[in-house]
Structure formats: C-alpha cells, structure tokens
1. Can you pull out every residue in segment 1-28 that is assigned to a loop (DSSP other than H, G, I, E, B) and either within 16 Å of the ligand (Cβ to nearest atom) or out of contact with any strand residue (DSSP E or B) (no Cβ under 8 Å at 6 or more places or on another chain) (or both)?
2. Counting just the residues of segment 67-91 that are crowded, with 22+ Cβ neighbours inside 10 Å and part of a helix (DSSP H, G or I), which one comes out nearest to the ligand (Cβ to nearest atom)?
3. Name the residues in segment 297-319 that are touching an Asp or Glu at 6+ places or on another chain (Cβ under 9 Å) and closer than 19 Å to Ser105 by Cα, would you?
4. Among the strands (runs of 3 or more DSSP E) lying completely within segment 92-206, list those that include at least 3 residues that are buried (at least 18 other Cβ atoms within 10 Å of the Cβ) and aliphatic (A, V, I, L, M).
5. Only one residue in Gly31, Gly43 is outside any helix (DSSP H, G or I), farther than 21 Å from Arg261 by Cα and over 21 Å from the mean Cα position of the chain (by Cα). Which one?
6. Could you list, in sequence order, the residues of segment 235-245 that are under 30 Å from the mean Cα position of the chain (by Cα) and either buried (at least 16 other Cβ atoms within 10 Å of the Cβ) or in a loop (DSSP other than H, G, I, E, B) (or both)?
7. Starting from segment 63-77, take each residue that is in contact (Cβ under 8 Å) with a residue 24 or more places away in the chain and list its partners that are near the ligand (Cβ under 6 Å from one of its atoms) and part of a loop (DSSP other than H, G, I, E, B), counting only C-beta distances under 6 angstrom and pairs at least six apart or across chains.
Amino acid sequence: IKSIGVLTSGGDSQGMNAAVRSVVRSGLFHGLKVFGVQRGYYGLIHDDIREMDLRSVGDIIQRGGTILQTARCLEFKTEEGQKLAADNLRKHGIDGLVVIGGDGSYQGANKLSKLGIKTMGLPGTIDNDIPYTDFTIGFDTAVSIVVDAINKLRDTMSSHERSSVVEVMGRHCGDIALYAGLASGAEAIMVPEVPFSIDEIAARMKANFDAGKRHSIIVVAEGVGKGEDIAKQIHERNGMEPRVTVLGHIQRGGTPTHNDRILASSLGDFAVRRLIAGESGKACGKLNGELVTTDIDTVVNTKKPFNTELYELALRLSQ
Ligand code: ADP
C-alpha cells in the first residue's frame with residue numbers, strides 16, 4: 001500500500017478533526033501519500049480529493065466539526081455510485097481508505113472494500129451506538145456538554161423549586177442519556193433500551209418534592225420520545241410543571257475533550273497501521289483498553305450492548 005485517503009461521513013462529531021490529523025500524520029510518518037476527500041462519499045463520487053501534508057492538519061486537534069466536511073450522499077448507495085467512487089480513488093493511485101463516521105458510513109466502506117479498495121472504519125459519532133468499541137469519537141464531549149447544561153439548569157431549578165425534563169440526542173441509543181444522567185445526578189433516566197413507567201416516575205417525583213427535594217432532573221433520550229410529551233405526561237399524573245430543555249445540535253459542537261482527542265489520535269494511527277498490515281473491510285475500536293479491529297459486517301449487524309450495571313447504579317443513587 002502506497003497511498004491512502006481519509007474522509008468523514010454522516011453526522012459530524014467532536015474529535016473527527018483529531019482523527020483526520022492522526023490518519024494524515026501517521027500515514028506520512030509511514031511513508032505513504034495521504035489524500036483528503038471533501039464531503040464524505042459525495043466528494044469521492046465528484047472527485048473532490050486533494051493531497052494532504054503535515055501542515056494541512058495543523059491547528060485542528062482542538063476544533064469541533066470536520067475540516068473535510070461531511071455529507072449524506074444517496075448516489076453512493078447505488079452500485080454505479082460506488083463504482084465511480086472506486087474508480088476515482090484508483091485514478092489518484094489510492095489503495096486504502098479510512099472512513100470516519102457512523103454505521104451508515106461503515107456500510108459504504110464495506111461496499112468499497114468489496115470493490116477492491118482497502119477500507120478501515122473509525123467510529124465517529126456522538127451517539128456511542130457502534131459495537132466493538134467501548135466509546136465512539138465525540139461521545140465523551142457530547143456527555144460533557146449535557147452535564148454542563150444540567151449543572152446550569154440545576155442552579156436555576158433549585159432557586160425556583162422546579163423540575164426539569166432534558167431531552168438529549170443519541171438516536172436509538174440511550175448512552176448519552178445514561179452517562180450524562182448518572183454524572184449529573186438525574187432523578188430519572190429514560191432510555192430506549194429499558195422499559196420505564198411514567199406513573200412510577202411521576203409518583204416518585206411528587207413524593208420526593210413533598211419530602212423536601214428542591215429540584216429534579218429527568219433525562220430523556222431522543223430514542224424514547226419528545227421531552228415535551230414526557231413533561232406533559234408527568235404533569236397529567238402529578239400536577240407538576242416540568243420545564244423542558246431540548247439541547248439539540250449544541251451536543252455535537254465545541255472543542256473535543258482530551259478523552260475524545262486521545263481516542264481519535266490512537267484510532268487514526270491504528271487504522272493506518274492495520275491498512276499497511278493488509279487488513280480491509282474492518283472497523284477499528286478500543287475495547288477494554290485494547291485497540292482492536294472487527295469485520296464491518298459484524299459491526300453493522302450487531303446491536304451495541306447496553307450497560308445495565310451503570311443504569312441500575314444510576315437508579316440506586318437517584319433516590
Ligand atoms: P452515519 O454514518 O452517521 O450513520 P448515514 O447513515 O447518513 O450516517 O450514512 C452516511 C453515508 O454513508 C450515506 O449518506 C451514504 O452515502 C453512505 N451509506 C449509508 N448506508 C449505506 C449502504 N447501505 N450502502 C452504501 N452506502 C451507504
């Protein structure tokens with residue numbers, strides 16, 4: 001392998017830049033030519049590909065977003081689109097490709113690997129919904145943002161003796177809600193992975209308030225439903241009037257935490273080394289402290305296991 005490309009695809013996340021920087025500099029360190037592809041698979045199809053050097057990834061490790069930009073590209077889902085993408089890569093002499101993105105992007109990488117391009121996936125999403133890695137790049141930062149927001153809400157909630165429903169992102173995965181909820185002492189955490197009873201939560205909130213609790217924070221994963229609807233259902237049951245906060249895309253921005261930068265840096269370099277070793281159609285992850293590769297087929301067909309132990313801990317501590 002002499003030449004590799006790198007792209008970011010799907011939803012962006014904090015730390016994607018640190019991953020791009022790591023792929024580029026590690027590739028150059030190992031004597032490879034490295035190309036950056038703009039706007040994910042869209043840029044592959046439209047040949048928006050340029051050579052990167054050491055300086056082209058300077059001053060980005062601390063930035064959110066992605067300098068390579070990202071896109072959702074329907075054309076790439078077709079066989080013609082994939083063939084065009086592979087042809088463009090070959091035209092530049094690129095034989096390996098690092099794809100930083102979520103599971104949709106992984107499936108794209110898998111298709112390219114079947115067309116003879118050596119591909120490696122890196123888990124770039126705030127949702128933490130990718131299996132075979134403990135954490136995805138961006139998750140730690142997103143959780144920090146939610147925790148910080150809840151700290152602020154708590155200040156004002158306790159002055160006014162109010163309750164708050166906070167809706168967080170994560171798509172079908174409850175990890176942002178779980179980790180942020182536990183870290184901020186939420187009274188209830190609603191995630192798609194665990195059934196819950198609004199009756200029970202509403203009754204508990206009321207009982208706690210009557211017993212002198214000054215504020216309560218309910219964290220709702222978007223995979224469960226809208227914060228607004230949950231607040232309404234609580235109101236109908238216990239008469240309280242929880243204020244609703246929807247954090248939205250704020251969770252995807254801002255400077256990445258050191259955890260995300262270090263994860264991105266380790267995984268980027270690892271992906272390059274596995275490509276050089278001849279692997280393809282794999283996703284890189286950090287599992288129990290160890291860098292590992294797993295077949296993309298397996299990764300996209302496996303549901304991320306939910307951390308029931310943490311969930312139960314959060315429940316025990318929320319009294
Ligand atoms: P994410 O990577 O964050 O899950 P998407 O699901 O939107 O985001 O996927 C990003 C891009 O990956 C899509 O716009 C498309 O170009 C490509 N992609 C997604 N699914 C497939 C698939 N089954 N086959 C080929 N390409 C795909």
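1. Scanning segment 1-28 gives Ser9, Gly10, Gly11, Asp12, Ser13, Gln14, Gly15.
2. Phe76
3. Val299, Val300, Lys303, Lys304
4. In segment 92-206, the matching strands (runs of 3 or more DSSP E) lie at 96-101, 163-168, 188-190.
5. Checking each option against the conditions leaves just Gly31.
6. Pro242, Val244, Thr245
7. Thr70/Ser9
Residue-by-condition table, conditions (1) over 17 Å from Asp260 (Cα atoms); (2) of a type in the set (Ser, Thr, Tyr):
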| residue | (1), (2) |
| --- | --- |
| Tyr106 | yes, yes |
| Ile117 | yes, no |
| Ile145 | no, no |
| Ala149 | yes, no |
| Asp155 | yes, no |
| Glu167 | yes, no |
| Gly170 | no, no |
| Ala180 | no, no |
| Ala183 | yes, no |
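The values are calculated or read from the model by the stated rules, or taken from the named source; none is laboratory data. No experiment lies behind these values; they were computed from the predicted model shown. Note: ideal-geometry Cβ built from the backbone for every residue, glycine included; neighbour counts use all protein chains shown.
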